[in-house]
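What follows is a set of notes on a single structure, which appears directly below.
The values are calculated or read from the model by the stated rules, or taken from the named source; none is laboratory data. Note that this is a predicted model, so its numbers are computed, not measured. Neighbour counts are summed over all protein chains in view; Cβ atoms, including those assigned to glycine, are modelled from backbone coordinates with ideal geometry. These accessible areas exclude ligands, DNA and RNA; they are computed on the full protein's heavy atoms, side chains included. Shrake-Rupley method; radii C 1.70, N 1.55, O 1.52, S 1.80 Å.
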Amino acid sequence: HTALANGLPAYADGFICTDTQAYAGQWLTCLDVESELVWQANQQGNFRGPLPLHEIGLPFSNAFL
């Protein structure tokens with residue numbers, strides 16, 4: 001897998017990357033694969049979600065720019 005430095009999950013047909021670099025100060029990401037809802041939390045105590053994956057995430061083609 002490839003960690004995403006921008007803190008946002010990435011998706012492609014049949015693949016979802018939720019390694020959003022919590023260990024490096026970004027977001028810890030949780031995904032409900034049935035509903036495709038995303039929750040995130042960071043070390044500063046901020047939370048976001050539930051948000052639809054396709055609203056918060058990036059297509060793989062844009063995730064590594």
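Name every residue in the range 21-35 that is assigned to a strand (DSSP E or B) and either among the aromatic types (Phe, Trp, Tyr) or open to solvent by 50 Å² or more (accessible area, probe 1.4 Å) (or both), in order of residue number.
Once the filter is applied, which keeps residues that are assigned to a strand (DSSP E or B) and either among the aromatic types (Phe, Trp, Tyr) or open to solvent by 50 Å² or more (accessible area, probe 1.4 Å) (or both), the range 21-35 yields Trp27, Leu28, Cys30, Asp32.
Please go through the range 36-60 and pick out each residue that is free of Cβ contacts under 8 Å to residues at least 12 places away in the same chain and not in a strand (DSSP E or B).
Gln44, Gly45, Asn46, Glu55
What is the number of the single condition among (1) part of a loop (DSSP other than H, G, I, E, B); (2) open to solvent by less than 40 Å² (accessible area, probe 1.4 Å); (3) of a type in the set (S, T, N, Q) that Thr2 does not meet?
For Thr2, the exception is condition (2).
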